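Reading through the structure tokens given below for one structure.
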Amino acid sequence: MPVEREKLVELYRTMLKIRLFEERVAEIYWEGKSPVFNIAADPIPGEMHLYIGEEAVATGVCAHLRPDDMVAGTHRSHGHYIAKGGDLKKLMAELFGKKTGLCQGKGGHMHLFDAGLHFGCGGIIGAGIPHAVGAALAFKMQGKDNVAVSFIGDGAANIGAFHESLNLAAIWKLPVVIVVEDNLYAISVPKSKSTAVKSNAERAAAYGIPGVLVDGMDVMAVYEAAGEAIARARRGEGPSLIECLCYRYRGHFEGDPQLYKPEGEEEEWRKKDPIPNFRAKLIREGILTEEEANKIQEEVAALVAEAEKFARESPWPEPEEALKHVFL
Ligand SMILES: Cc1ncc(C[n+]2csc(CCOP(=O)(O)OP(=O)(O)O)c2C)c(N)n1
């Protein structure tokens, strides 16, 4: 079925939102950390894992989700949250550790949580898979047609919870979709050194569920594969596995010297950059004019600037609130 113009433009706008937001975060992050890298320095303290390059995955999947569907993210989840329809201001404020942030500044960039959007993520690799399966079980028991999606990296696909969760989801036919983002590396370890099969999609066969490998640099390829898997889950036909082959242009974390990336690799993947390629396609096919595409870029840049201003001007949490909402 042809995809409507509005949807195509929305896909482009979402990818751009993720890219421009994170490019600005990268700049702000280094503001306080040079010339000497001090991980605790403001304005954005702590570790930072960026999603730049992988935007087509979150965008293509989340375009099929409703706000009341559940998403379990990862340690690299700004993109998942933005694609789910997240609030840029609250997201930026959380990165800054401010009181107006998603978790009142207590979570930081790896622990984003938005109850209204049914979104959560965390730094324990693969821990979101059983969470998504649990949400899917709840949806099924409540007779709802909602879907839960767990995004994970290729490294996380090797933890026990991945296999146990898929097995349980398959026998109970739960409405859950596992999206593996294969960005070639788990920190510095290439998938060929950690995973016996070529593609994680092949593992689906072991659980009797559909598994597909898609080009994660092509938002339409992801959109189509996710559309099928999510519709299948909504119909009550059970889980699916989608592996998206993609690339992160930055290091595993900000400050990673990336010595494990062979020379020329990034240049090759830059040719497949999902954002300029999709923009060119939309212009070529008459969906957008050059001027309209530029206007979208300006609008998105303004939203990011507004989020930054909001975060900078927001107050810090009160010291006496440090233990509030914390389980001890
Ligand atoms: C259970 C667990 N083991 C190890 C780590 C340390 N760790 C943090 S990120 C990472 C690699 C993750 O790689 P992948 O799942 O491929 O995701 P990517 O970073 O490529 O997005 C590891 C091993 C962790 N956070 N949790």
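In region 158-184, the qualifying residues are those that are charged (D, E, K, R), touching an Asp or Glu at 6+ places or on another chain (Cβ under 9 Å) and not in a loop (DSSP other than H, G, I, E, B), and the one that is farthest from Glu224 (Cα to Cα) is Asp182. Condition check for Leu303 on (1) at pLDDT 95 or above; (2) open to solvent by 60 Å² or more (accessible area, probe 1.4 Å); (3) in a loop (DSSP other than H, G, I, E, B); (4) aliphatic (A, V, I, L, M): one failure, at (3). Scanning region 185-217 for residues that are surrounded by fewer than 21 Cβ atoms within 10 Å (Cβ to Cβ), in a loop (DSSP other than H, G, I, E, B) and either touching a strand residue (DSSP E or B) at 6+ places or on another chain (Cβ under 7 Å) or not polar (S, T, N, Q) (or both) yields Ile187, Ser194, Ala196, Val197, Lys198, Ser199, Gly208, Pro210. In region 308-328, the residues that are touching a residue at least 60 places away in the same chain (Cβ under 8 Å) reach residues that are among the hydroxyl-bearing types (Ser, Thr, Tyr) with C-beta atoms within less than 9 angstrom, at least six apart or across chains, in these pairs: Phe310/Thr100; Ala311/Thr100; Ser314/Thr100; Pro315/Thr100. With respect to the conditions (1) more than 16 Å from the ligand (Cβ to nearest atom); (2) of a type outside the set (Gly, Ala, Ser); (3) over 16 Å from His64 (Cβ atoms), Pro190 lacks only one, and its number is (1). Under the condition of being in a strand (DSSP E or B) and near the ligand (Cβ under 10 Å from one of its atoms), the residues counted in region 144-157 number 3.
Would you say Pro190 is modelled with pLDDT of 95 or more and more than 24 Å from Leu11 (Cα to Cα)? Spell out the reasoning first.
Numbers: modelled with pLDDT of 95 or more: yes; more than 24 Å from Leu11 (Cα to Cα): yes.
It is true that Pro190 is modelled with pLDDT of 95 or more and more than 24 Å from Leu11 (Cα to Cα).
Checking Tyr51 against (1) more than 30 Å from Leu137 (Cβ to Cβ); (2) among the aromatic types (Phe, Trp, Tyr); (3) within 17 Å of the chain's Cα centre (by Cα), which test does it fail? Checking Tyr51 against (1) more than 30 Å from Leu137 (Cβ to Cβ); (2) among the aromatic types (Phe, Trp, Tyr); (3) within 17 Å of the chain's Cα centre (by Cα), the one that fails is (1).
Of the numbered criteria (1) closer than 24 Å to Glu22 by Cα; (2) surrounded by 12 or more Cβ atoms within 10 Å (Cβ to Cβ), the one Ile283 fails is (1). Say we look at region 200-209 and pick out the residues that are touching a Gly at 6+ places or on another chain (Cβ under 8 Å) and not hydrophobic (A, V, I, L, M, F, W, C); which of these is nearest to the ligand (Cβ to nearest atom)? Among them, the one singled out is Asn200. Screening region 161-184 for residues that are within 17 Å of Gly211 (Cβ to Cβ), open to solvent by 30 Å² or more (accessible area, probe 1.4 Å) and among the aliphatic types (A, V, I, L, M) and picking the one that is nearest to the ligand (Cβ to nearest atom) gives Leu168.
The values are calculated or read from the model by the stated rules, or taken from the named source; none is laboratory data. Here the structure is a predicted model, which is why all the values come from computation and not from measurement. Glycine gets a Cβ as well: all are built from the backbone with ideal geometry, and neighbour counts include every protein chain shown. What goes into the accessible areas is simple: the full protein's heavy atoms, side chains included, and nothing from ligands, DNA or RNA. Shrake-Rupley method; radii C 1.70, N 1.55, O 1.52, S 1.80 Å.
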